[in-house]
Amino acid sequence: MKKSNQRLISIAVGLAGLGLAAALVLNGLKDTVTYFYSPTDVYAKHVQPGTKARLGGLVESGSLVQKADGAVVFKVTDNAQSVPVSYRGLLPDLFREGQGVVAEGEFGADGQFVAARILAKHDETYMPKEVVDALKRSGEWRPESGMPPNPGMGAGMGANP
Amino acid sequence: MIAELGLLFTCAAFALSIGQALLLTQAARKGDAALLASGRWAAGLAAVFATFALLALIAGFLRSDFSLAVVAQNSHPNKPLIYKIAGAWGNHEGSMLMWCLVACIYGFAAASRAPKDGRDESWLDARAAAVQGVIATLSFAYLIFASNPFARLDPAPLRGGDLNPLLQDPALAIHPPLLYMGYVGMSVVYSYAIAGLWSRAEPKAWAKAARPWALAAWSFLTIGITLGAYWAYYELGWGGWWFWDPVENASFMPWLAGAALIHSLLVTERRGAFADWSAILAIACFSLSLLGAFLVRSGIITSVHAFALDPARGVWILGLLGLATFGGFGLYAMRARGEQGEPFAMVSKEGFLLINNLVLVVACATVLLGTLFPLISEAVTGATASVGPPYFNATFGPLLALGLILAPAGVLLSWRRHIGLAALRPLLGGAALAVVFALAAIIGASAPWLAASCAALAAWLLWGAGVDLHRRAGGKTVGESLKNVRRVPLRGWAGVLAHAGLGVFALGAGVETSMRQETTIALAVGETGEAGGAKFRLDAVETGEGPNYYIDRARLTVTDGADQYEMAPERRYYWAARTPTTEVAIRDTFGSDLYVAFGEPVGASGGKVEAADDKPRWRFRVNRNPFVGFIFGGSALIALGGLLGLIGRLGRGASPARAPAKTAESVKA
């Protein structure tokens, strides 16, 4: 094969690859990028049912109910607005009322957020960055709320129903 | 005192690295064997002093010397011995010291490969060791001026903060050193690329010199990533093994570019083609390693396991990244030869390796885009976006499949010429086997399409590896080949094992991802529940105490079909770090796992509990993870293939030009 032909083929293959990549990426991004919402955002932006999202804020005190069949409902709040969340599965360690949480899932038809995954902080001093930013925006950020004491853990926590 | 010695050793290694760079540069420019010898000494001593520095840091951890800031933040007197040692590199500063040490060791190894009498005309090894000296120098500068592991605290605290409990795990103790052998190994490949451009060496000679390093770095990276995935699987307790998390992607991008590089170097070494492309890939591999370090250490991207978040450090690494990338590509722009090498037909080994490279590079680009998209989006629109597994599965999956379908064919084609598709006839059996596997998976196990197609891919790749081995053994019949199989050189096994490993991996990944089942149950003591097709009876919940943690352990009796056995998942609470962790219980049957994670007691999170009675209940997450063992087994095979390729090359000695020099020397000795 002549060199010029070879170069042409190389370029054609390269362009085909780029086209394939662009198609894959655009298609992939279109359906899969999820945006972060604080409860205030949810009301301000009139989020449509079926929207995939990451919802973040604090677990509203007194809102958590764990049902016999394993279902969990609670509200996520930024102390200005709150959004009801339902979830089925294992709650992460250190998921507590009054503490930071990020729920991944989509908005249901009844305004409830159906979470597929719940992220709480990893250790006792960590607050998800997105939640901190959202709380700062709603003017409800209090650094101390990131690290309250956590009694009842450790030895004997197994005996604590 | 030991800390001051450690800092002294670090500074000595820093100075010696500067010496190494200068001496070896001069040696290469003047063709002076005496300077080369001094440069080699400098490189060797730098490695020795860097080792001493790391030992000094380990001593600080062993003695729980809390006047050292790093020890105070990351250690505790009650921590087990192995994690005191591993704690030395389980933090930002210590891991940077290890980075420097590995850079020194690689630099010395490169310098040692240089023929002592300077018979190598282009002085490739010496030049590469000089560039490696520059990289070590910059790394040491960053270590000493921006992240000194020997910084003191005054007054010293009485107790330390403990190593992140998730890292107190055997796999994670050796994961960072292996990962750094991979990341920093890419710096040697980069050094050789620069050396090749600098000396205007023949592409074939350069590729021959660079390829063992690429194989070494890539194999270590493979092992490091596999260990990390395995750790995530059993330690995080989430039931998964790969989350497309930015930190994981950071290690995966250099791996993809590295895989492209070893294939491209093969072409350059044998045919002289793809020379410029190989150089670009080599530069890109190290740039991606640095980009990974930047993403992980600057905290610019939120990740579940980012550590040492400090924007100021990010700026330093960004500077290094810019220097390495622009320096490398700048030199490339000035020196690239623009040669095509020997022409080849599209249906030839070169043609298929070209497609291989295209697939790997595009895959790497999609991962890069997905990883950086949240950053770009936040900078442009201000919205906090996240790109999760669906994106990566939709983009990466098809590309991987395309590459895997073409791999066995590329292996059988011959160099340069289109010899007709008859060469691919042995693969017909593989195609038939793939169809059989897919049908068996769909009909026999009612597998979803992803699992079925991955089973087909596995059959295709394993068959292809078998055909390749048969061809290499050179027997007329399969029986004859089996007799000859011992005579296949190690290098021949490399490709066979790596491609077979890809098949095994694809089988595990496809089946596990599409057929895993997850159920959550809540049990009171004495109660029996059903999850994942097995019955679980909670016999007791015990408490206990480890060296630096409390334990809650669930005793479960599991009835799984005809089998009955006990499982005992734990929750641990590390009191110094004030962090709970999950220790899952795993029952492994031929690579398929029953996986039980012990959750918090129902009601521990506060709030109301609605239940039939007020007995205390605990939550369990039960996963059926079919074929998960194949994922790690396949990855291990891939790494083994890379290592055999490396050992096979080293065993054969260096280039023919060097071989006589060695013999002459051994005669003298």
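Yes/no per residue for (1) within 24 Å of A:G17 (Cα to Cα); (2) in contact with a strand residue (DSSP E or B) (Cβ under 6 Å, 6 or more places away or on another chain):
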| residue | (1), (2) |
| --- | --- |
| B:S348 | yes, no |
| B:V361 | yes, no |
| B:A365 | yes, no |
| B:T384 | no, yes |
| B:A394 | yes, no |
| B:L400 | yes, no |
| B:I405 | yes, no |
| B:L421 | yes, no |
| B:P426 | no, no |
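Considering only the stretch B:40-69, how many residues are over 20 Å from B:V102 (Cα atoms), part of a helix (DSSP H, G or I) and aliphatic (A, V, I, L, M)?
2
Looking at B:L35, B:L5, B:L23 in this structure, which one is more than 13 Å from B:A130 (Cα to Cα) and at pLDDT 90 or above?
On the way: B:L35 fails: more than 13 Å from B:A130 (Cα to Cα); B:L23 fails: more than 13 Å from B:A130 (Cα to Cα).
Result of the check over B:L35, B:L5, B:L23: B:L5.
B:E610: surrounded by fewer than 18 Cβ atoms within 10 Å (Cβ to Cβ), among the acidic types (D, E) and within 11 Å of another protein chain (Cβ to nearest Cβ), yes or no?
On the way: surrounded by fewer than 18 Cβ atoms within 10 Å (Cβ to Cβ): yes; among the acidic types (D, E): yes; within 11 Å of another protein chain (Cβ to nearest Cβ): yes.
Considered against the rule, which asks whether it is surrounded by fewer than 18 Cβ atoms within 10 Å (Cβ to Cβ), among the acidic types (D, E) and within 11 Å of another protein chain (Cβ to nearest Cβ), B:E610 comes out as yes.
When residues of the stretch B:369-399 are filtered for being touching a helix residue (DSSP H, G or I) at 6+ places or on another chain (Cβ under 7 Å), more than 8 Å from chain A (Cβ to nearest Cβ) and either surrounded by fewer than 17 Cβ atoms within 10 Å (Cβ to Cβ) or without any contact (Cβ under 8 Å) to a residue 60 or more places away in the chain (or both), how many remain?
Of the residues in the stretch B:369-399, 1 are touching a helix residue (DSSP H, G or I) at 6+ places or on another chain (Cβ under 7 Å), more than 8 Å from chain A (Cβ to nearest Cβ) and either surrounded by fewer than 17 Cβ atoms within 10 Å (Cβ to Cβ) or without any contact (Cβ under 8 Å) to a residue 60 or more places away in the chain (or both).
Looking only at residues that are out of contact with any helix residue (DSSP H, G or I) (no Cβ under 6 Å at 6 or more places or on another chain) and modelled with pLDDT of 85 or more in the stretch A:80-96, which one is nearest to the other protein chains (Cβ to nearest Cβ)? Lay out the reasoning, then the answer.
Of all residues in the stretch A:80-96, those out of contact with any helix residue (DSSP H, G or I) (no Cβ under 6 Å at 6 or more places or on another chain) come to A:84-96.
Add one more test, that the residue is modelled with pLDDT of 85 or more, and what stays is A:84-88.
Numbers: A:P84: 13, A:V85: 12, A:S86: 13, A:Y87: 10, A:R88: 7 Å.
Checked the stretch A:80-96; the qualifying residue nearest to the other protein chains (Cβ to nearest Cβ) is A:R88.
Go over the candidates B:G328, B:G322 one by one and state the one that is farther than 26 Å from A:A16 by Cα, away from every other protein chain (no Cβ under 12 Å) and in contact with a helix residue (DSSP H, G or I) (Cβ under 6 Å, 6 or more places away or on another chain). Walk me through how you get there before you give the answer.
On the way: B:G322 fails: in contact with a helix residue (DSSP H, G or I) (Cβ under 6 Å, 6 or more places away or on another chain).
Result: B:G328 is the single residue among B:G328, B:G322 that is farther than 26 Å from A:A16 by Cα, away from every other protein chain (no Cβ under 12 Å) and in contact with a helix residue (DSSP H, G or I) (Cβ under 6 Å, 6 or more places away or on another chain).
State whether one or more residues within the stretch B:160-172 are under 21 Å from B:F630 (Cβ atoms) and surrounded by fewer than 21 Cβ atoms within 10 Å (Cβ to Cβ). Lay out the reasoning, then the answer.
Filtering the stretch B:160-172 for residues under 21 Å from B:F630 (Cβ atoms) gives B:171.
Within this subset, residues satisfying the condition of being surrounded by fewer than 21 Cβ atoms within 10 Å (Cβ to Cβ) are B:171.
Yes, the conditions are met somewhere in the stretch B:160-172.
Might you check whether a residue that is of a type in the set (G, A, S), within 11 Å of chain A (Cβ to nearest Cβ) and part of a strand (DSSP E or B) occurs anywhere in the stretch B:561-584? Please lay out each step first, then the result.
We begin by selecting, within the stretch B:561-584, every residue of a type in the set (G, A, S); these are B:561-562, B:568, B:576-577.
Next, only the ones that are within 11 Å of chain A (Cβ to nearest Cβ) stay: B:577.
From the residues that got through so far, the ones that are part of a strand (DSSP E or B) too are none.
No, that holds for no residue.
Condition check: within 14 Å of chain A (Cβ to nearest Cβ), more than 25 Å from B:I521 (Cβ to Cβ) and not in a strand (DSSP E or B). Does B:A604 satisfy that? So that I can check it myself, show each step before the final result.
Working: within 14 Å of chain A (Cβ to nearest Cβ): yes; more than 25 Å from B:I521 (Cβ to Cβ): no; not in a strand (DSSP E or B): yes.
Here the answer is no, as B:A604 does not meet what is asked.
What are the residue pairs meeting all of these: first residue in the stretch A:24-41, first residue surrounded by 20 or more Cβ atoms within 10 Å (Cβ to Cβ), second residue at pLDDT below 75 and in a helix (DSSP H, G or I), Cβ atoms under 6 Å, and 6 or more apart or on different chains?
So the pair list comes out as A:F36/A:E130; A:S38/A:A134.
If we keep just the residues of the stretch B:585-601 that are of a type in the set (A, V, I, L, M) and more than 8 Å from chain A (Cβ to nearest Cβ), which is farthest from B:K79 (Cα to Cα)?
Start the filter on the stretch B:585-601 by keeping residues that are of a type in the set (A, V, I, L, M), which leaves B:585-586, B:594, B:596-597.
Cutting the leftovers down to more than 8 Å from chain A (Cβ to nearest Cβ) gives us B:585-586, B:594, B:596.
Numbers: B:A585: 23, B:I586: 25, B:L594: 31, B:V596: 26 Å.
If we take residues in the stretch B:585-601 being of a type in the set (A, V, I, L, M) and more than 8 Å from chain A (Cβ to nearest Cβ), then B:L594 is farthest from B:K79 (Cα to Cα).
Could you run through the stretch A:9-19 and say how many residues are within 7 Å of chain B (Cβ to nearest Cβ) and within 9 Å of B:V362 (Cα to Cα)?
Within the stretch A:9-19, residues that are within 7 Å of chain B (Cβ to nearest Cβ) and within 9 Å of B:V362 (Cα to Cα) number 1.
For residues in the stretch B:346-363 being at the interface with chain A (Cβ under 10 Å from one of its Cβ atoms) and within 23 Å of the chain's Cα centre (by Cα), which is nearest to B:L265 (Cα to Cα)?
Ranking the qualifying residues of the stretch B:346-363, first place goes to B:N357.
Within the stretch A:61-72, track down each residue that is more than 7 Å from chain B (Cβ to nearest Cβ) and within 24 Å of B:E530 (Cβ to Cβ).
Those that are more than 7 Å from chain B (Cβ to nearest Cβ) and within 24 Å of B:E530 (Cβ to Cβ): A:D69, A:A71, A:V72.
Given the stretch B:515-557, what strands (runs of 3 or more DSSP E) lie entirely inside it while holding 2 or more residues that are of a type in the set (S, T, N, Q) and touching a residue at least 12 places away in the same chain (Cβ under 8 Å)? Give the steps one after another, and end with the answer.
Numbers: elements: B:517-523, B:528-531, B:534-545.
In the stretch B:515-557, the matching strands (runs of 3 or more DSSP E) lie at B:517-523.
Keeping to the stretch A:1-38, report how many residues are within 30 Å of A:D78 (Cα to Cα), of a type outside the set (D, E, K, R) and modelled with pLDDT under 80.
2
Is it the case that some residue within the stretch A:137-149 is facing chain B (nearest Cβ under 10 Å) and modelled with pLDDT under 70?
We begin by selecting, within the stretch A:137-149, every residue facing chain B (nearest Cβ under 10 Å); these are A:147, A:149.
Filter once more, keeping what is modelled with pLDDT under 70: A:147, A:149.
Yes, there is a match, as at least one residue in the stretch A:137-149 is facing chain B (nearest Cβ under 10 Å) and modelled with pLDDT under 70.
Kindly indicate whether A:L58 is of a type in the set (A, V, I, L, M, F, W, C) and facing another protein chain (nearest Cβ under 10 Å).
On the way: of a type in the set (A, V, I, L, M, F, W, C): yes; facing another protein chain (nearest Cβ under 10 Å): no.
When the stated conditions are applied, A:L58 does not pass them.
Determine whether B:Y180 is in contact with a strand residue (DSSP E or B) (Cβ under 9 Å, 6 or more places away or on another chain), crowded, with 22+ Cβ neighbours inside 10 Å and not in a loop (DSSP other than H, G, I, E, B).
On the way: in contact with a strand residue (DSSP E or B) (Cβ under 9 Å, 6 or more places away or on another chain): no; crowded, with 22+ Cβ neighbours inside 10 Å: yes; not in a loop (DSSP other than H, G, I, E, B): yes.
Judged against the criteria, B:Y180 is not a match.
When you go through B:Q73, B:Q20 one by one, which is the residue that is buried (at least 24 other Cβ atoms within 10 Å of the Cβ) and under 30 Å from the mean Cα position of the chain (by Cα)?
Details: B:Q73 fails: buried (at least 24 other Cβ atoms within 10 Å of the Cβ).
One residue alone meets the criteria, B:Q20.
Name the residues in the stretch B:408-422 that are surrounded by fewer than 15 Cβ atoms within 10 Å (Cβ to Cβ), assigned to a helix (DSSP H, G or I) and of a type in the set (G, A, S), would you?
B:A422 - this is the single residue of the stretch B:408-422 that is surrounded by fewer than 15 Cβ atoms within 10 Å (Cβ to Cβ), assigned to a helix (DSSP H, G or I) and of a type in the set (G, A, S).
Would you check if B:F329 is at pLDDT 90 or above and surrounded by fewer than 19 Cβ atoms within 10 Å (Cβ to Cβ)? Before the answer, list the steps.
Working: at pLDDT 90 or above: yes; surrounded by fewer than 19 Cβ atoms within 10 Å (Cβ to Cβ): yes.
It is true that B:F329 is at pLDDT 90 or above and surrounded by fewer than 19 Cβ atoms within 10 Å (Cβ to Cβ).
Yes or no, residue by residue, for (1) under 25 Å from the mean Cα position of the chain (by Cα); (2) hydroxyl-bearing (S, T, Y); (3) under 22 Å from B:L650 (Cβ atoms):
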residue: B:C100; (1), (2), (3): yes, no, no
residue: B:C104; (1), (2), (3): yes, no, yes
residue: B:A110; (1), (2), (3): yes, no, yes
residue: B:A130; (1), (2), (3): no, no, no
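Per-residue answers, yes or no, for (1) touching a strand residue (DSSP E or B) at 6+ places or on another chain (Cβ under 9 Å); (2) buried (at least 19 other Cβ atoms within 10 Å of the Cβ):
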position	(1), (2)
B:A494	no, yes
B:E512	yes, yes
B:A524	yes, no
B:E530	yes, no
B:K535	yes, no
B:E545	yes, no
B:Y549	yes, yes
B:D552	yes, yes
B:V558	yes, yes
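If you check B:A15 against the conditions, is it surrounded by fewer than 24 Cβ atoms within 10 Å (Cβ to Cβ), modelled with pLDDT under 90 and assigned to a helix (DSSP H, G or I)?
On the way: surrounded by fewer than 24 Cβ atoms within 10 Å (Cβ to Cβ): yes; modelled with pLDDT under 90: no; assigned to a helix (DSSP H, G or I): yes.
Taking the combined requirement at face value, the residue does not satisfy it.
Would you mind listing the helices (runs of 4 or more DSSP H) fully within the stretch B:424-506 where at least 3 residues are at pLDDT 90 or above and not basic (K, R)? Step through it out loud before you land on a result.
Details: elements: B:428-439, B:449-473, B:478-484.
Correct list: B:428-439, B:449-473.
The values are calculated or read from the model by the stated rules, or taken from the named source; none is laboratory data. Nothing here was measured: the structure is a model prediction, and the numbers come from that model. FYI the Cβ positions are ideal-geometry reconstructions off the backbone, even for glycines, and counts take in every protein chain you see.
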